[in-house]
Amino acid sequence: MPDSRVVAKPSQERDASAPHVSRRKLVERCCLVALAIFVVAYVVAYSSKSIAAYTTGNTLFDLATFEQGFWNATKGTLFFYSLEGEMSRLGRHFSPIFIPLVPLYALHRDPATLLVLQTLALGLAAVPLYLFARLRLASPVAALAVSALYLASPATHDVNIVNEFHEIAPLPSPCSSSASMPSRRGSGASTRRRRFSC
């Protein structure tokens, strides 16, 4: 008796799965667009708030020491400042991350530049955090929620408003970037995700 079962062709299977793949890509793209909007909104809002705190005199001693150090770095004396004795900031707290920031600061030598750079670093940290959460949670929506919670966290805001400018502010970006990078362990072909904490 002939077999009456119908075997789906590979092309038919691909056609059937196409709508699901399209929906998944659409969700991914929407989440990426939303993430970009969240990051831009954070950078604009908290750059404005931190600059407003500076211009109204609601900043503390630390911003003055960093500003003097950066200003002197553009003049050839590497992060020299005199507010705590005549020394370089690299001698008091060794922070080589300041060195690549000097050309950016030189474009507009003002404390507001430091505040904007710090806010930009904090805001952009949401991007590798999204990638890390996307790998771990296998859901772009959940990853977007994690990034949104980071940007909405009072602890993140305090770095901008309360703690002014500090060298540790850019740390979330390399920490979350390192966490999202794959690493090979051992000589096997299997790839595991790096567990990284800061």
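Points to keep in mind about this one:
- Efficiency of FRET between ALA52 and ARG29 - r from beta-carbon atoms, R0 22 angstrom, step 0.05: 0.05
- Among 93-103, 32-42, the order from most to least packed when residues are scored by Cβ within 10 Å on average: 32-42, 93-103
- For ILE37 and SER82, a Förster radius of 41 Å and the Cβ-Cβ distance give a FRET efficiency of 0.45, rounded to the nearest 0.05.
- log10 of Debye I(q)/I(0), alpha-carbon scatterers only, for the range 90-159 at 0.21, 0.22, 0.28 Å⁻¹: -0.91, -0.94, -1.14
All of the numbers you see were taken from the coordinates with simple rules; none came from a lab. It should be emphasised that the depicted structure is a prediction, and the values quoted were computed from it without experimental measurement. Methodologically, a virtual Cβ is constructed for each residue, glycine included, from the backbone with ideal geometry; neighbour enumeration extends over all protein chains shown.
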